[in-house]
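A.B. asks: I have a structure I would like to understand better, so I am pasting it below and will then ask my questions one at a time.
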Amino acid sequence: MESANLYKPSFKGEQWTERDLRYLEPFFSNPQGLISVVSNLPPELTGALCSRASRAKGSLLRVFLDEYVYPILEGEDRQLAEELEEVVSFFAKKGFKNILGNQRAQAFYAKWLSQYGDDSIAQMTGTHSVFWGVSQVAMKYLEDRRIGLEPIEKSTRYVNFGQKIDGKYLYYTPTPDLERMGLLSEYTSCMDSLFDAYVNLLPKFLGWLKENFDDKEPILEKKAFDTLRGLLPMATLGQVAFRGNAQAFEYLLNRLAKHPLGEFRWIGETLKNELDKEIPSLFLRINDSASGFYQEELAKRATRVRDISPFSDLSNGENIDSGTEPLVRLVEYDAYAEDRIIAGILYPESHKTWENVFSWVKMMSPLEKKDVIAAYIGERNARWQKIGRAFENSYMRFEIEMNIGAYRDLHRHRMMTQDRQRFSAHHGYDVPQELINSGFSNEFIEALERIKPLFKKLEAIDPDCAQYVVPLAYRIRFHQYQNVRQFFWETELRTISQGHPDYRSIEHKKYDLAKKAFPLISEFILADLKDYKVARRGTEEQIAAKEQNLIEKLREKQ
């Protein structure tokens with residue numbers, strides 16, 4: 001297997017001055033690179049900074065300098081500026097690790113985690129990491145590690161992805177693989193054509209929005225980004241920040257170590273190097289023989305299944321379903337779901353066995369059952385007022401086909417079992433209604449169709465690599481196996497007015513199916529079933545007023 005460093009993205013990111021680096025190096029492990037671990041910052045500052053990943057145009061490290069450091073240094077409060085200089089000097093020269101006897105802490109983890117395998121203690125320590133310049137394929141894989149890692153990624157809805165750096169669009173190129181296949185030139189041409197279409201359509205479509213909607217320009221600009229994001233390929237480079245515990249990071253590193261995609265292996269090696277600067281004792285097992293065996297097994301798993309699967313010989317695209325519109329199917333559910341949930345509500349208030357409680361519930365009338373659910377839910381009137389754990393006592397499985405752009409949002413719901421097929425061109429694509437109405441759909445479709453020949457060539461040789469060329473407008477097929485409590489949360493969150501129309505439509509279809517299967521439960525779901533032409537977050541004045549009100553409340557507490 002080739003050196004992972006050969007797959008390092010050609011994207012260089014920010015270029016820092018000496019002054020910049022003075023204020024970055026005490027707080028970021030690798031400011032000159034694309035992956036950094038955050039250290040020595042207060043939790044609120046770290047969280048606020050990483051939360052900016054979704055809408056920041058550039059690196060989060062630039063946000064840190066421009067919004068948290070330089071305003072203090074260049075502000076009128078000289079005492080505060082001097083205190084900041086003292087803190088930076090302290091971390092640059094010494095830092096907490098040496099002063100607080102960090103070697104003793106490292107010895108503790110080396111003994112109890114590495115030698116004795118007490119994994120639970122790895123959950124007690126973690127860190128934040130920032131990735132700037134990884135593909136959407138890699139980003140989804142990183143976010144698949146759903147337990148213990150909490151991501152926020154750069155949004156394709158709110159940021160313009162059409163800008164170039166050093167004369168190049170921001171997309172990943174697996175150069176060694178493409179050169180070996182003789183497809184590097186065709187790949188580059190194809191990716192450039194998608195970004196060209198995105199850039200050319202943006203001003204024209206934005207002009208049409210201004211003529212037809214009276215919303216303010218910033219809102220319409222975001223709508224334009226949102227609508228045209230379907231042209232962006234899965235190779236598009238983005239930014240993602242993670243907070244994670246050490247156990248979850250270790251599992252991620254094992255998954256990346258022998259992955260067939262070189263980009264993933266490069267991410268794994270680079271992330272390990274940066275984590276070792278901050279919490280080295282937590283990853284001593286990564287390089288031992290047992291972990292090496294595990295990494296090989298993880299890498300071989302898909303190959304072994306593919307070798308025996310009756311569905312594996314489909315790389316030519318034949319016999320694969322291609323729907324004409326997004327689909328939602330309720331393919332599996334519990335006929336006794338409502339009874340199990342009601343039993344779950346009553347069980348803690350009794351000393352009966354589960355079997356006795358469940359049998360009693362099955363004999364109750366529909367009205368009695370409804371009264372129990374109503375009593376349990378009470379006067380709940382907002383989605384953040386979560387329903388109770390009793391709703392975890394039954395599950396349902398949905399199979400969904402929807403465009404990849406909107407799937408990225410539903411993929412974030414981690415507390416369920418969901419898995420997907422590869423990103424591909426096999427299930428058709430979505431054309432936004434706004435592009436049809438505006439007369440720009442032909443340009444959009446022509447750009448999407450242009451990738452098909454290259455996708456077929458790549459898939460026949462390397463199905464994993466072929467994912468990079470698939471635009472976000474193409475559909476992905478996946479399934480969700482979720483309990484009813486998670487279904488409440490997802491449906492209520494993803495049908496709010498400011499939600500994306502594509503996933504709102506999916507959630508409406510899921511709600512309709514669940515309503516037929518679970519009539520007693522579904523009426524308590526706070527779903528927004530209205531239609532909105534432009535996703536609404538309120539006016540800028542309303543948002544500013546809410547923010548100011550929260551700030552004043554915090555000041556009162558202090």
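Quick note: the coordinates plus some simple rules give every number you see, no bench work behind them. The structure displayed is predicted, hence computed values, not measured ones. Cβ placement follows ideal geometry from the backbone for every residue including glycine, while neighbour counts extend to all protein chains displayed.
A.B. asks: Nearest 500 deg cm²/dmol is fine: what mean residue ellipticity at 222 nm does the chain get from its DSSP H runs of n ≥ 4 alone, each adding -39,500 (n - 2.57), divided by its residue count? Walk me through the intermediate numbers first.
C.D. replies: On the way: 26 runs with 275 residues, N = 558.
After summing the helix terms and dividing by residue count, I get -14500 deg cm²/dmol.
A.B. asks: Read phi for every residue in segment 409-424 and hand back ³J(HN,Hα) as whole Hz from Karplus 6.51 cos²θ - 1.76 cosθ + 1.60, θ = phi - 60°, with x for Gly and Pro.
C.D. replies: 6, 5, 4, 6, 7, 8, 7, 7, 9, 9, 9, 10, 7, 5, 5, 8
A.B. asks: Taking amide H atoms as placed 1.01 Å from N in the peptide plane, list the residues 5 or more away in sequence, or in a different chain, whose amide H sits under 5 Å from that of Gly133.
C.D. replies: Close amide H contacts, sequence-distant or interchain: Gly238, Gln239, Val240.
A.B. asks: Here's something else I'd like to know. Dipole of the chain, Cα-centred, from +1 at each Lys and Arg C-beta and -1 at each Asp and Glu C-beta, to the nearest 20 debye?
C.D. replies: Details: 76 positive and 82 negative charges, 158 e Å.
Dipole magnitude for the chain comes out near 760 debye.
A.B. asks: Another question, then. Calculate the FRET efficiency for Asp77 and Asn437 from the Cβ-Cβ distance with a Förster distance of 51 Å, rounded to the nearest 0.05. Present the calculation step by step, with values, prior to reporting the outcome.
C.D. replies: Details: r = 53 Å, r/R0 = 1.03.
Calculated value: 0.45.
A.B. asks: I've got another one for you. Could you pull out every one of the lysines with an alpha carbon less than 22 Å from that of Lys94, ignoring same-chain neighbours closer than 8 positions?
C.D. replies: Within the straight-line cut-off, Lys94 pairs with Lys277.
A.B. asks: Provide the per-residue ³J(HN,Hα) series for segment 285-301, in order, calculated from phi with Karplus coefficients 6.51, -1.76, 1.60 and θ = phi - 60°, each as a whole number of Hz, with x at glycine and proline positions.
C.D. replies: Working through the residues one at a time gives 7, 4, 9, 7, 5, 5, 5, x, 4, 4, 4, 5, 5, 4, 5, 8, 4 Hz.
A.B. asks: Here's something else I'd like to know. Under the rule of at least 5 residues apart or a separate chain, name every residue whose amide H is placed under 5 Å from the amide H of Tyr395.
C.D. replies: Excluding prolines and chain starts, which carry no amide H, the hits are Asp334.
A.B. asks: Which of the peptides 170-181, 382-393, 365-376, 249-260 is most tightly packed, and how do the rest follow, going by the mean number of other Cβ atoms within 10 Å of each residue? It would help to have the intermediate numbers written out before the result.
C.D. replies: Working: 170-181: 19.1, 382-393: 16.2, 365-376: 13.8, 249-260: 21.2.
Result, highest mean Cβ count within 10 Å first: 249-260, 170-181, 382-393, 365-376.
A.B. asks: Taking R0 as 56 Å, what's the FRET efficiency between Glu217 and Lys352 from their Cβ-Cβ distance, rounded to 0.05? Kindly include the intermediate steps, with their values, before the conclusion.
C.D. replies: Working: r = 63 Å, r/R0 = 1.12.
Efficiency, rounded to the nearest 0.05: 0.35.
A.B. asks: Long-range amide H contacts for Thr417: which residues qualify at under 5 Å (H placed 1.01 Å from N, peptide plane, sequence gap of 5 or more or a different chain)?
C.D. replies: Tyr481
A.B. asks: A further question on this structure: How large is ³J(HN,Hα) for each residue in segment 248-261, as worked out from phi by the Karplus curve 6.51 cos²θ - 1.76 cosθ + 1.60 (θ = phi - 60°), to whole Hz, x for Gly and Pro?
C.D. replies: My calculation for segment 248-261 gives 5, 5, 4, 4, 4, 4, 5, 5, 7, 4, 10, 5, x, 8 Hz in order.
A.B. asks: Describe numerically, in nm with one decimal, the distance between label points set 7 Å from Cα along Cα→Cβ at Asp196 and at Phe293.
C.D. replies: 5.4
A.B. asks: Which of Lys57/Lys272; Lys223/Lys510; Lys12/Lys386 have a Cα-Cα distance over 32 Å?
C.D. replies: Details: Lys57/Lys272 26 Å; Lys223/Lys510 25 Å; Lys12/Lys386 44 Å.
Pairs exceeding 32 Å: Lys12/Lys386.
A.B. asks: Excluding same-chain residues fewer than 8 positions from Lys164, which aspartates and glutamates have a Cα within less than 12 Å of its Cα?
C.D. replies: Qualifying aspartates and glutamates at Cα under 12 Å: Asp192, Asp196.
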